[in-house]
Each structure stands twice: as C-alpha cells, then as structure tokens.
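Read-outs: derived from the displayed coordinates by stated rules, not from any lab. All of these numbers come straight from a predicted model, not from anything done at the bench. Counting neighbours? That spans all protein chains shown, and the Cβs are built from the backbone with ideal geometry, glycine included.
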C-alpha cells in the first residue's frame with residue numbers, strides 16, 4: 001500500500017509546527033527571558049538587546065511566524081488536494 | 001470647547017455608531033447569534049478578535065503596569081501576544097474544521113461525555129465572569145474621571161449599550177461593533193503615543209522613539225530613565241526584579257492561558273473556512289501587536305514624564321491632573337516632612353496598600369488619609385497604576401481633544417471585551433447547558449430566545465459587579481489565566497493531537513489541573529496573603545505563574561490515566577481524522 005496522502009499531510013503539518021514553535025520558544029523564552037541578561041550586553045541604539053527582545057522583538061517574530069505558517073499550510077493544502085484528486089482519478 | 005464637552009461629543013458619537021451597527025446587523029438565527037453565520041471576513045474577524053482581546057486591562061492598565069515594573073512588565077507583553085502563535089498553529093484551524101458553536105461543544109463531543117462538557121462549562125463561566133468584572137471597573141473609572149458622572153450611572157449606561165447590541169445582534173452584532181471599536185481604540189491609543197514620542201525624542205514612531213535620544217540632549221531615553229530610577233532607589237528600569245524562573249512561569253501561564261480562553265477561541269468559529277481561521281489569527285495578532293508594541297513605549301514615556309513633572313514641586317504649584325486624580329482618590333500625597341514639597345522615590349507613602357481618605361485637608365490643601373505613614377522611606381506619593389494611560393496626555397500637556405479621544409478609546413476597549421465575554425457566557429448556558437444537556441428538545445427559535453435571556457441576565461450580573469466591585473478582582477485575574485492554561489488548553493491540545501486520549505484521561509487531567517492551580521492561588525491570595533512573596537512560594541513560582549505548572553500536571557495525569565482505559569470509540573477517531581484533514 002502506498003503512503004496515504006492524509007498521513008503524509010499530517011506528518012508534514014507536524015514538521016512545520018515543530019519548526020515554527022522552536023523559533024517561537026527561542027524568540028520569547030530564550031532571547032526575552034533565559035538569555036536576556038547576556039544579550040543586554042549588546043546595544044542597538046538606545047536599546048539593550050535582551051530588553052528589546054522582551055518588549056518588542058518577540059512580538060514582531062510572533063506576527064511573522066503566523067504568516068509564515070499560513071503560507072506553508074496553504075502550499076501544503078494545495079499539494080494535498082492535488083494528490084487526492086490524482087488518487088481518485090486512478091481508481 | 002472645554003475638554004469635558006469634547007469628551008461628551010466623542011463618547012456620544014462612538015456610542016451612536018455602535019448602536020447603528022447593531023441595528024444594521026441583527027441576528028436572525030442561532031448560527032447568526034453564536035458564530036455570526038460563519039460569514040465574517042478574516043480581516044474583519046482579526047479586528048474584532050483584537051478588540052475582543054484588548055480589554056480595559058490592555059488599554060488602560062498595561063502601559064501603567066509596565067511604567068512601574070520596567071523590564072518585569074515584559075511578562076504581559078510576551079504572554080498576551082505569544083499565545084496567539086499557539087492558537088493559530090495548534091488550535092484555531094482544527095476547531096474551525098470541527099465546525100460547531102462553542103468550546104464545550106468540542107470537549108463534549110471529542111470526549112464523548114456530558115461530564116467533560118460540564119467541567120468545561122464551569123471553567124468557562126468562571127473565567128468569563130472574572131474577566132467581565134474587570135471591564136466594569138474600567139468603565140467606571142473612565143466615566144467618573146472624564147464625564148463626571150458617578151460610577152454607578154456610568155456602569156448602567158455602559159451596560160445599556162452592551163445590552164442593546166449583544167442581546168439584539170448576538171455574535172453578528174458584536175463582531176461588527178467590535179470592528180468599529182477596534183478602530184476607535186487603536187486610534188485613541190496611537191495618537192497620544194505619537195504626540196508624546198515627538199515631544200520627548202523627536203521620533204514620530206513610538207516603537208523606535210523610546211530607544212532614541214531625548215530631544216534636548218544626546219542621552220538615550222532609556223539610559224536617563226535607568227539613571228533616574230536608580231537614583232530614586234528603584235531598580236534600574238531595564239532590569240528584572242523578579243527571578244528568571246518566575247518570569248518564565250508567568251509568561252508561560254499567560255501564553256497558554258490566552259490560547260485556552262474561550263472568548264478568544266470562539267472568534268475563530270465565525271470565519272467561513274479553515275484557511276480563513278489561520279489567516280484571521282495572523283491579522284488578529286497584527287492588530288494586537290500594534291497596541292502591544294506601543295505600550296512599552298508609552299510606559300517608558302509616562303514614567304519619565306511623571307517623575308519630571310511632580311518631583312520636588314511645591315504642592316501648591318502641582319499640575320492640574322495631579323489634583324484631579326487626587327480628588328477621585330487614585331493619587332494621594334502624604335507630606336511626611338511637612339515641607340509642602342512633593343517627593344517621589346521607592347517605598348510606600350503609608351502603610352496599607354490603599355489610601356483611606358478622611359474629610360480633611362492638610363496644610364497645603366491636600367487630601368488627608370487615615371493611614372499611618374510608612375517612615376522607613378522618604379516617598380510621599382501613592383499612585384494607582386491604572387491611571388497612567390488616561391493621565392498621560394494630560395501629563396504631557398496634549399490638547400483637549402486627545403484627552404477626549406482617550407476616554408472614548410478606553411470605553412471602546414472595555415465594552416468590546418465585555419460584550420464578547422457575555423456572548424460566551426450566554427451561548428454556554430443556552431447551547432451547552434440547555435440544548436445539549438438538559439433540554440435537548442427545544443426548537444432553534446426557543447434556543448435563540450434562551451440565548452437572549454441568558455445574555456440579558458449575564459449583563460445584569462456584570463453590571464452588579466461594576467456597581468458593587470468585589471474586592472478580589474485583581475486577585476482573581478491570575479485565576480482566569482491559570483485555569484484556562486491548566487484545564488481548557490491541555491484538553492483541547494490532546495483532543496486534537498492524540499488519538500488515544502480518552503475521556504477518563506482528559507477528565508482526570510482537567511480536574512487535577514483545576515484543583516492544583518486553584519488551591520495554590522487560593523492559599524496565597526485568600527487564606528494566607530501575608531506569605532504571598534518569594535520566600536514562601538514553592539520553587540520561587542508566584543501564584544500568577546502557577547497555571548503553567550498546573551498545565552504540566554494536567555498533561556502528565558491525563559496521559560498516565562488514559563493508559564488504563566480503552567481507546568475512544570470509532571466515531572471519535574473518525575472525527576479526529578476529519579478535523580486533521582484540510
């Protein structure tokens with residue numbers, strides 16, 4: 001039996017989730033909290049970098065992440081629908 | 001025109017707009033009433049979600065909290081935005097695919113159990129009422145300060161407006177009024193922020209301005225603020241005072257709590273498709289981020305301006321805003337050294353947290369309090385953090401129409417959130433309790449009638465909370481997020497991502513999360529509030545952050561218990577497969 005499109009769709013979905021959530025974690029809990037004091041040594045203009053991530057940067061990254069997710073999922077959905085219709089034509 | 005008249009005009013116009021929209025978008029079916037007929041455009045839904053989400057706390061209190069907490073305030077900024085990533089990636093698309101009306105609907109069906117549905121309804125009603133009570137305080141503050149109406153009439157007017165469009169329009173009416181309310185509130189938030197940013201740093205973008213140099217020198221604003229706050233005995237503005245573990249847990253509890261809040265989740269049931277649900281989460285966060293990235297700038301400006309404008313001033317020369325807020329009891333001055341000069345620094349002005357005013361004026365004409373002075377420090381100022389955003393335009397001496405705009409914005413924020421919550425409460429009563437549990441035979445028309453009645457009753461209860469504010473509102477906010485994180489979020493996540501999670505596991509998980517989190521919070525907030533500090537907290541985790549641990553416990557218990565019971569029935573596995581397909 002060949003790989004079912006629904007299963008491979010779900011697997012790709014999980015891969016996308018894990019990758020994006022890893023970035024989510026690093027940007028907020030990592031840069032904003034755990035390594036924030038170390039990043040504070042670096043300055044950009046008037047901002048200490050750790051402080052900037054905690055109050056600004058993490059939020060911009062969150063917004064970006066959702067739109068990247070929307071883009072990747074739309075592409076994945078299209079691929080899935082193509083495979084599904086190809087499957088039904090074979091039958 | 002006076003500021004007062006302008007405020008009446010702005011608030012009046014905005015209210016007229018909301019009512020007009022409500023009449024235009026009346027609900028005709030239960031689907032209109034619960035989920036706006038599932039026909040809301042993702043951008044409109046994004047705005048409505050943003051208005052629904054940004055409450056009186058976000059609009060009025062948050063920048064003030066940040067102003068006085070400095071870097072510690074980041075927990076709110078990251079916590080209340082990061083949850084949307086979880087929502088967009090882990091919950092919204094699947095719940096939309098499931099295609100029912102409410103969050104308990106999903107939990108009841110997925111865990112094939114009325115008991116699970118009931119646990120979800122109880123958590124949901126508790127969380128929602130906690131939240132509504134906070135909105136009513138916001139409405140009361142705005143009315144009493146800017147319209148000089150007493151708080152009770154203010155609350156009644158506010159409730160009247162919400163009653164009108166929530167009962168009449170249901171989700172449809174609420175959604176379109178929220179779109180209008182978002183526009184009002186974001187405009188009202190950005191205009192003063194931009195003005196103040198230009199005045200202080202010459203940079204018109206507040207997000208960049210607070211990292212810029214001050215207008216009249218080459219010193220960076222944040223450096224000056226660090227220097228001034230340290231000199232006054234506070235911790236430097238850009239340093240954390242809370243421990244890393246506590247900051248971590250609070251942020252996590254707020255994030256997972258946000259993703260588990262029913263009034264936010266239900267917004268994603270209103271869009272036409274799964275694709276739109278994802279997109280709409282993205283738009284919602286853009287609209288939210290606009291305010292949330294401005295708030296820390298407003299906080300930094302406000303702290304700086306506040307210190308500059310009152311420090312070492314004669315009370316007799318104190319600015320008008322200082323005396324206005326003093327007259328309604330949210331600022332107090334305790335002249336410890338009797339020199340007639342205001343001194344602000346670290347520490348409490350007097351013992352007990354809140355001032356108890358007596359009907360007497362001091363030597364300089366200030367309002368006196370019956371609280372004993374706290375002589376361990378030199379600080380003479382008590383200030384309620386909630387007033388910073390509202391007072392900020394006055395402190396920065398902005399024109400009257402900006403101040404009027406802020407009043408209208410504060411009301412928009414409070415009313416939009418209150419309406420969204422009331423709808424969640426009413427739908428969980430008419431749909432989950434009546435239709436799905438106790439009276440399955442009622443017709444759609446009857447269900448709609450019950451939904452309207454439930455909304456009306458909920459509004460009256462919320463109004464009573466506003467008129468007789470329970471003293472515990474501030475304490476229970478931790479509860480709302482902690483419970484959402486420790487009960488609803490894991491049940492939803494496991495329901496979607498684990499096919500073997502059965503009802504025994506899920507219910508055991510929810511109950512253990514509920515009991516653990518609420519006992520920890522009740523102990524430190526109600527039974528033994530004296531010991532509510534880092535020395536006594538288990539592992540250094542404050543009650544605000546304990547929801548995160550509650551959530552971990554929920555996951556562990558649910559997964560462990562589910563091993564001992566059979567897998568969910570066939571039709572549930574089919575349903576899980578269905579929601580996973582695009």
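Computed over the range B:413-548, the percent of Cα pairs more than 23 Å apart is 54.
Rg and Dmax of the range B:212-311, both derived from C-alpha coordinates alone, stand at 19.3, 56 Å. Each peptide in B:533-541, B:186-194 receives the mean, over its residues, of other Cβ atoms within 10 Å, and ordering these scores from highest gives B:186-194, B:533-541. Among B:390-402, B:310-322, B:7-19, sorting by the average number of other beta carbon atoms lying within 10 angstrom of each residue, highest first, gives B:390-402, B:7-19, B:310-322. Note on B:210-221: average number of Cβ atoms from other chains within 10 Å of each residue's Cβ is 2. Compute the acute angle (0 to 90°) between the alpha-carbon long axis of helix A:58-90 and the principal axis of greatest extent of the alpha-carbon atoms of chain A; round to the nearest 10°. Relative to chain A, helix A:58-90 is tipped by roughly 10 degrees.
Per-residue ellipticity at 222 nm computed for chain B from its helices equals -20500 deg cm²/dmol, with DSSP H segments shorter than 4 residues left out and the rest contributing -39,500 (n - 2.57).
Footprinting exposure proxy ranking of A:18, B:228, B:103, fewest other C-beta atoms within 10 angstrom first, gives A:18, B:228, B:103. Anisotropy class assigned to the range B:493-551 is prolate, per the alpha carbon gyration tensor with a/c at or over the 1.5 cut-off and a/b larger than b/c. Shape verdict for the range B:188-269, please, from the Cα gyration tensor: rounded (a/c under 1.5), prolate (a/b greater than b/c) or oblate. Oblate shape, in that a/c is at least 1.5 and b/c is the bigger or equal ratio. Multiplying the residue separation of residue B:336 and residue B:364 by 0.36 nm and subtracting their alpha-carbon distance yields 8.8 nm.
Of the residues B:261, B:415, A:34, the one with the fewest other Cβ atoms within 10 Å heads the list, and the complete ranking is A:34, B:261, B:415. Going by the alpha-carbon gyration tensor, a ≥ b ≥ c the square roots of its eigenvalues, is the range B:311-389 rounded (a/c under 1.5) or, if a/c is not under 1.5, prolate (a/b greater than b/c) versus oblate? Because its axes are fairly even, with a/c under 1.5, the range B:311-389 counts as rounded.
Take the Cα pairs of the protein assembly as shown, get the Kirkwood Rh, then feed it into Stokes-Einstein at 4 °C and 1.567 mPa s and tell me D in µm²/s. Diffusion coefficient, whole number: 50 µm²/s. Inter-part distance, the range B:364-437 to the range B:198-238, computed on C-alpha centroids, equals 26 Å. For chain B, the Kirkwood estimate of the hydrodynamic radius, built from every pair of different alpha carbons, is 24.7 Å. By the count of neighbouring beta-carbon atoms within 10 Å, fewest first, B:453, B:123 end up ordered B:453, B:123.
Could you give the angle, 0 to 90 degrees to the nearest 10, between helix B:400-427's Cα long axis and the longest principal axis of the Cα atoms of chain B? Helix B:400-427 sits roughly 30 degrees off the main axis of chain B.
Averaging the Cα positions of each part gives two centres, and for the range B:538-581 and the range B:268-310 these lie 30 Å apart. Each residue, residue B:534 and residue A:37, gets one label point 7 Å from its Cα in the Cβ direction; the gap between the two is 1.0 nm.
Seen against the Cα atoms of chain B and their longest principal axis, helix B:244-260 is set at about 50 degrees.
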